[in-house]
Amino acid sequence: METLRTSKGEVVETTLTDAEAAEELANATSNFGQSLLAGFKKHGSWTDGQRPWAHKLAIEALGECEDGEDGPEGPKFPALVDLLHGAAESLKWPRIVAGFDDGMIRLGIAGERSRHHGSVNVTSDGGYDDRQWYGRISKTGEFQPSRNCPEWVVEALTEFDADPAAIASVHGQRFGNCCFCGKDLTTKESLAAGWGPTCADHWGLPWG
């Protein structure tokens, strides 16, 4: 627990890292919160004066999400959680980047330093600074969307969770690369499957 104090003398007790606070600011509705998030993405840190406010707003945004004040409870995607955690037994940082008609979705397990360790982060693809936060899937499969999560993302996750292997295969055939490792598929066998033999082994998928 770290104790911070804002410029107005308000005491902020936080257990979040700065990176986690920035993650939660994606749910902040105020212009100030969004400007703090933009500053963190640009500079990788906050000033001493900004940091207490950033954590204060992040905690408020987190509380709203956990209290269910951010709209109705999202759908459940347990198959995607199981898929990623299964791959984590042999991969240190398993991730999926799958393409859909409306865009790309990136899935990755929150690390040990995260307050939500073990949950699945759902974002757009791209560099860290450019990714749009869509929400997280809890370890038990409940999706907690951000306020700005597009409807197509929920639809895509629903389709993906219903048959992960089929969607992963379609991605490989459509884009010519593996959604698990990102490498180009260069053989007829890999293109037919949508992934290569190594990823088939790591992710528990059929091959040949």
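The values are calculated or read from the model by the stated rules, or taken from the named source; none is laboratory data. Quantities reported herein were computed from a predicted structural model and do not represent experimental measurements. Note that we place each Cβ from the backbone using ideal geometry, even for glycine, and neighbour counts take in every protein chain shown. Only protein heavy atoms, including side chains, enter the accessible area calculation; ligands, DNA and RNA are left aside. Shrake-Rupley method; radii C 1.70, N 1.55, O 1.52, S 1.80 Å.
Key figures
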| quantity | calculated |
| --- | --- |
| Solvent-accessible heavy-atom area per residue, rounded to whole Å², over the chain at 1.4 Å | 53 |
| Fluctuation leader among LYS188, LYS139, LYS42 - the chain, Gaussian network, Cα springs under 10 angstrom | LYS188 |
| Per-residue ³J(HN,Hα) for the range 197-202, Karplus 6.51 cos²θ - 1.76 cosθ + 1.60, θ = phi - 60°, Hz, x for Gly and Pro | x, 5, 5, 4, 5, 5 |
| Carbon/sulfur fraction of accessible area - the chain, other protein chains in place, 1.4 Å, % | 49 |
| Neighbourhood charge, 9 Å Cβ-Cβ cut-off, centred on VAL122 and excluding it, Lys, Arg +1 and Asp, Glu -1 | +2 |
| Listed candidates [x] 35, 16, 15; [y] 26, 20, 17; [z] 30, 18, 16 - label of the one calculated as semi-axes √(5λ) of the Cα gyration tensor in Å | [x] |
| Relative contact order [Cα under 8 Å, 6+ residues apart], the chain, whole percent | 16 |
| Within a Gaussian network of the chain (alpha carbon springs, distance under 10 Å), most fluctuating of ASP101, ASP161, ASP184 | ASP101 |
| Spatial separation of Cα centroids for the range 132-159 and the range 183-203, in angstrom | 27 |
| Mean residue ellipticity (222 nm) of the chain, computed from DSSP H runs ≥ 4 via -39,500 (n - 2.57), nearest 500 | -12000 deg cm²/dmol |
| Whichever lysines have a C-alpha closer than 30 Å to that of LYS8, once near sequence neighbours (fewer than 8 apart) are set aside | LYS41, LYS42, LYS56 |
